[in-house]
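The values are calculated or read from the model by the stated rules, or taken from the named source; none is laboratory data. Note that the coordinates shown come from a computational prediction; the quantities given were computed from them, not determined experimentally. With ideal geometry, Cβ positions are generated from the backbone for all residues, glycine too; neighbour counts draw on all protein chains shown.
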C-alpha cells in the first residue's frame, strides 16, 4: 500500500519507519519545493503531485499549514484523511474556536481581530493581560504577543498590523485575543479514530514548554476526572469532524478543569513517547486508521517520557548507557532551537522514571535540556 504524506519533515520520516512493518510505503510531498521524495533517504522522484495522488491508496498530512489549492486537489480524490475541514481547523485558530464553541468544549474567552477596533474591543471585553495569537501560521510559540498593560498596546499593535497587512484577499490574516489563563499545567491527549468511527485513545500526557517550545513530555498516572474530560473532548471533536487518523488536543489544566489550548490534526511531538511506551505508536495507529486497518492498543507499557533535542549537533551517546532509553535523530541541518531529535524512556514505575531522568541529566546540560533534572527529582520523590 502507498500513502502520500503532505509534508516531508520528521513526522513523515517516523510514519515511514512505522509503516514498513505493515507493508505501507510512504511518499512525502515537500510543500515548499513541490518535490516528491522518500522521507528517509530524501531521494527525489520525478512524479508530479497529480501522478502521486492517482497512484496512492490514501493521502494524509504531517502538518496543518497546507496551501488551499493542494488540499483541494487532494480532497477531490476522495483519498484524503483526515478531511480538508479537519486540517483547516488545525491551521486556523478562528475556525478552531468556532468549532469548540459549536460542540460545547471549553476554551479560553477570545475575540477575533482583523483591525484595531477589534483589539480595543478585546481589551474592553476580556481585560488585561491578553495573549494575542495569529490565526494562521503560528506554531512552537511563534506568532504570539502578550499585552500586560495599556502601555504595551501601541508597540504591539504596530507589529500586529504588519502581520495583518501581509495577508491577501485569497489568504487573509487574522488574530485571536485570549484571556491569559492562570493554568497549573498543560496536558495533551492523543487518539486515533478509524473510518468506521472506532476510537483508541492514549494516556493523557503532561507537557513542559520553554519559550513556547515543547521540551519534555511525561506520560504517567493522572486523575480519573482529568482523563474523563480529555476523552470526552476528543470524542466530541473527532465525531463532529468525522475524523480519520490521529488527532491531538492540548489543554490548560485550570484547577482540575480542562480548557482547550490548541488542536493538531496529526501525529504530535507530545506523543513521541508512544514509540517505546506502547505496543502501537501514534505513527502506526495513524497509518492503520488512514489505511483502513484495525486500530492497535494504546495502553502504556509503563510510565514514559520524551525529551526534545533542540538545536544540538547530536544526541550525547552516553544517554544510551541508561537502561530503557532510546534516541531518535531526524537528520536535519542544525540551527538554534530547531527540533533535531528526541529521547524516549520507559520505566516500571514513576519513581524509576524519575531516577532515569536524573541519571540522564548528567549528560544533558540544563541550558539545552531544561527541566529534566527537576522533573526527575519530583517524580522520584512522589
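A few comments on the model shown:
- Filter result for residue 195 (farther than 14 Å from residue 251 by Cβ, at pLDDT 95 or above and not in a strand (DSSP E or B)): yes
- Selection count, segment 82-104, where residues are in a loop (DSSP other than H, G, I, E, B) and either on the phi > 0 side of the Ramachandran plot or out of contact with any strand residue (DSSP E or B) (no Cβ under 6 Å at 6 or more places or on another chain) (or both): 3
- Scanning segment 32-52 for residues that are within 25 Å of the chain's Cα centre (by Cα) and surrounded by 18 or more Cβ atoms within 10 Å (Cβ to Cβ) returns 36, 37, 39.
- Scanning segment 31-51 for residues that are in contact with a strand residue (DSSP E or B) (Cβ under 8 Å, 6 or more places away or on another chain) and within 22 Å of residue 310 (Cα to Cα) yields a count of 1.
- Count - residues of segment 179-192 that are outside any loop (DSSP other than H, G, I, E, B) and buried (at least 17 other Cβ atoms within 10 Å of the Cβ): 8
- Number of residues in segment 233-245 that are under 12 Å from residue 260 (Cα atoms) and out of contact with any helix residue (DSSP H, G or I) (no Cβ under 8 Å at 6 or more places or on another chain): the value is 2.
- Scan segment 109-123 for residues that are within 15 Å of residue 167 (Cα to Cα) and crowded, with 21+ Cβ neighbours inside 10 Å and the total you get is 1.
- Scanning segment 200-231 for residues that are surrounded by fewer than 20 Cβ atoms within 10 Å (Cβ to Cβ), over 17 Å from the mean Cα position of the chain (by Cα) and without any contact (Cβ under 8 Å) to a residue 40 or more places away in the chain turns up 222, 223, 224, 225, 226, 227, 228.
- Residues of segment 269-290 satisfying the condition of being within 12 Å of the chain's Cα centre (by Cα) and surrounded by 24 or more Cβ atoms within 10 Å (Cβ to Cβ): 270, 271, 272, 282
- Residue match in segment 127-148 (condition: assigned to a helix (DSSP H, G or I) and in contact with a strand residue (DSSP E or B) (Cβ under 6 Å, 6 or more places away or on another chain)): no
For (1) assigned by TED's automatic domain parsing to the domain that holds residue 242; (2) touching a strand residue (DSSP E or B) at 6+ places or on another chain (Cβ under 6 Å); (3) under 23 Å from residue 352 (Cα atoms), each residue gets a yes or a no:
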{"site": "161", "(1), (2), (3)": "no, no, no"}
{"site": "168", "(1), (2), (3)": "no, no, no"}
{"site": "207", "(1), (2), (3)": "yes, yes, yes"}
{"site": "228", "(1), (2), (3)": "yes, no, no"}
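- Selection of segment 368-382 for residues being within 17 Å of residue 303 (Cα to Cα) and in contact (Cβ under 8 Å) with a residue 40 or more places away in the chain yields 372, 375, 379.
- Subset of segment 100-118 (residues that are more than 19 Å from residue 173 (Cα to Cα) and touching a helix residue (DSSP H, G or I) at 6+ places or on another chain (Cβ under 7 Å)): 103, 105, 107, 109
- Within segment 295-313, tally of residues that are out of contact with any helix residue (DSSP H, G or I) (no Cβ under 8 Å at 6 or more places or on another chain) and more than 17 Å from residue 372 (Cβ to Cβ): 3
- Scanning segment 22-70 for residues being part of a helix (DSSP H, G or I) and in contact (Cβ under 8 Å) with a residue 40 or more places away in the chain gives a total of 6.
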